[in-house]
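Novice: One structure is given below, represented as structure tokens, and several questions about it will come after.
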Amino acid sequence: MLDAVDHGRVRLTTSGTRTTPALWVLTRALVLVVLFGPESRVVGDVVYFTHSLRDLSSVGPVDTMPEYPLAALGVVMVPWLAAGALGAVAGYGFVFVACALLGDAGFTVLLSRAAGGDRRVAVVAWLVSVPAMGGLAFVRFDIVPGVLVGVVLLLSATRPRTAALCLALATSVKLWPALLLPPVLARTRHRRSAVAVVAGVGAVAVLGTLALGGWARVLSPLRYQGERGLQVESLAATPLMVLRAVDPASYQVVYAHKAYEVLGPDVPALLVATTVLTVTAVLGLTVVWWRLLRGGRYVDGDAVVWVSLAAVLALVCTSRVLSPQYLMWVLPAAAAGLVVVSTAGAPRLLRWTCGLVVATALSHAVYPWLYPALAGEEGTTGLAVSVLAVRNLLLLALLVVAGREAWCAAGRRTAPPAARPVTEPGGIRSGDGEAPHHRSGAGLRRD
């Protein structure tokens, strides 16, 4: 494993690495046993992907998975092509899970290399995060943009162009990673080249979508999200679900837009409220981004991590939809952040990450275990809605903490460390003119 030592040098060490592969195998085996056993009902999206890909030639790209950007179709097609090459299209679901495992393993390796011996807690946090989510982590493709965002944070200081490429790819699959562009740009002195990379990939994605499906397909993800109702797990729906637990006839739960939504007299007002809250959150983030980017000053890892976490969690908490896999948008970033933040800031982020893992475990309890009691036609039970309410209150508390930390860190003026050449294993020196920003990407090559 690569570890950082004095004077910005990097050396090869094996401290703390022997147990990581064994723990990864053990935790992932546990997840797979549960996935293909009592939690097999969560594979619905994989079945949906199978049908969508099978009908692609007759339906066309415009009407195939219109709720996602067209690039997402390419993500779910990779295991489809791999299964076809193996002559086992019927086993698409198993190949899909295998591809998700490969992405998880790759991120674990990169995280281990970056963490070194003194930030092993980052690896532990990630090893625990996936079991906390359960088998759902491997049957939704949210792990792809989530892991890419984690890689972005690890590489933002040492390899800004590679980080920009990962961010652009993640955004082309799911639009939310675009929220990380301001903090990533603030982290590097090579802003023009990073913007050029993002713009180039974005242009390819948009032009490719236009060529295959026209403007209707470019805008379909936004249109689809705008048509969705109030999902039962969202923060805004929590008061209504509590009332439904008291009086089952007060609100109705229906299946629509591939999710369970709550219907009732107060829902239209709450839908408007979620839109207002989302716009307000974006305006607030704009102010934070301005504080981060103003004056061309040095931005440390703490600011980049907290602003990124606050931005993503703000979107999750204010949205009318909150599927359990959305926490995979935040978990890899939190684990990577434990490598990137300063020594002084690490304990605060560790406590925050522990809270996030607890929220993920509560989400796991809600779906799939308590979901029939939450969204069933017979009504909502007290236990199911209590667990959901605690989860949502915890997410709200995490957002408040992340927002406060992001505001303070974005306005903090930190003296940049002196730029020093980095010694790669074997004595090769490299550098792109970036100062070694605290711990970020320790042991990783530079662009």
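Bear in mind that the values in this text are calculations on the coordinates, not laboratory data. This is a predicted model, so every value here is computed, not measured. Quick reminder, even Gly has a Cβ in these numbers, built from the backbone with ideal geometry, and neighbours come from all protein chains shown.
Novice: Towards the positive end of the charge dipole of the stretch 100-186, with charges on Cβ (+1 Lys, Arg; -1 Asp, Glu), say which of Ala100, Leu179, Trp126 has the farthest Cα.
Specialist: Value computed over the given set: Leu179.
Novice: Which value in nm describes the separation of the simple spin-label points at Val109 and Arg41, placed 7 Å from the Cα toward the beta carbon?
Specialist: Going by the 7 Å Cα→Cβ label model, 3.7 nm.
Novice: Which ³J(HN,Hα) values in Hz, rounded to whole numbers, follow from the phi angles of the stretch 354-371 under the Karplus curve 6.51 cos²θ - 1.76 cosθ + 1.60, where θ = phi - 60° and Gly and Pro get x?
Specialist: 4, x, 5, 5, 5, 4, 5, 4, 5, 4, 4, 5, 5, 10, x, 5, 9, 5
Novice: How much length, in nm to one decimal, is gained on full extension between Phe94 and Glu227, taken as 0.36 nm per residue of separation minus their Cα-Cα distance?
Specialist: Gain in length upon complete extension: 44.6 nm.
Novice: Compute the angle between helix 331-340 and the longest alpha-carbon principal axis of the chain, please, reported from 0 to 90 degrees and rounded to the nearest 10.
Specialist: 10
Novice: Testing the spin-label approximation: label points 7 Å from Cα along Cα→Cβ at Asp266 and Arg189. State their distance in nm.
Specialist: The answer from the label model is 5.5 nm.
Novice: Might you report the magnitude of the Cβ-based charge dipole of the stretch 51-146 about its Cα centre, with Lys and Arg at +1 and Asp and Glu at -1, to the nearest 20 debye?
Specialist: 340
Novice: On to the next question. Determine the gain in length on full extension of the stretch Thr278-Ser250; use 0.36 nm per residue of separation and subtract their C-alpha separation, reporting nm with one decimal.
Specialist: Once the chain is fully extended between Thr278 and Ser250, it gains 7.4 nm.
Novice: Using the charge dipole of the stretch 2-430 (Lys, Arg: +1 at Cβ; Asp, Glu: -1 at Cβ; taken about the Cα centre), state which of Trp80, Pro368, Pro145 has its Cα farthest towards the positive end.
Specialist: My answer, from the dipole projection, is Pro145.
Novice: Could you give the size of the charge dipole of the stretch 2-430 about its Cα centre, using +1 on the Cβ of each K and R and -1 on the Cβ of each D and E, expressed in debye and rounded to the nearest 20?
Specialist: 1840
Novice: Given H placed 1.01 Å from N in the peptide plane, which residues other than close sequence neighbours of Tyr260 have an amide H under 5 Å from its amide H?
Specialist: Val232
Novice: Then there's this: Kindly express, to the nearest 10 degrees and within the range 0 to 90, the angle between helix 92-115's C-alpha long axis and the longest C-alpha principal axis of the chain.
Specialist: Taking Cα atoms only, the helix is inclined about 30 degrees.
Novice: Determine, for Cys317, Cys354, the number of other Cβ atoms within 10 Å of each Cβ, and report the residues in order from fewest to most.
Specialist: Exposure proxy ranking, most exposed first: Cys354, Cys317.
Novice: Set the Förster radius R0 to 60 Å, insert the Cβ-Cβ distance between His51 and Leu293 as r into 1/(1 + (r/R0)^6), and round the FRET efficiency to 0.05.
Specialist: 0.85
Novice: Using a simple spin-label model with points 7 Å from Cα along the Cα→Cβ vector, what separation in nm is obtained for Ala22 and Leu219?
Specialist: 5.8
Novice: Nearest 20 debye, what's the magnitude of the dipole of the stretch 104-166 about its Cα centre given +1 on Lys and Arg Cβ and -1 on Asp and Glu Cβ?
Specialist: Around 180 debye, computed over the stretch 104-166.
Novice: Taking the beta-carbon count within 10 Å as an exposure proxy, list Thr158, Thr50 from fewest neighbours to most.
Specialist: If I rank by nearby Cβ atoms, fewest first, I get Thr50, Thr158.
Novice: Tell me the Rg and the Dmax, in Å, that the Cα atoms of the chain produce.
Specialist: Cα radius of gyration and Dmax of the chain are 21.8, 71 Å respectively.
Novice: Put +1 on the Cβ of every Lys and Arg and -1 on every Asp and Glu Cβ in the chain; which of Ala211, Val267, Thr381 then has its Cα farthest towards the positive end of the dipole?
Specialist: Ala211
Novice: Further question on the same structure: Under 5 Å between amide H atoms, partner at least 5 residues away or on a different chain: which partners does His190 have, H built in plane at 1.01 Å?
Specialist: Here nothing satisfies the definition.
Novice: Let me ask something else about it. Relative to the longest principal axis of the C-alpha atoms of the chain, give the angle of the C-alpha long axis of helix 267-293, reported between 0 and 90° and rounded to the nearest 10°.
Specialist: Roughly 10 degrees, rounded to the nearest 10.
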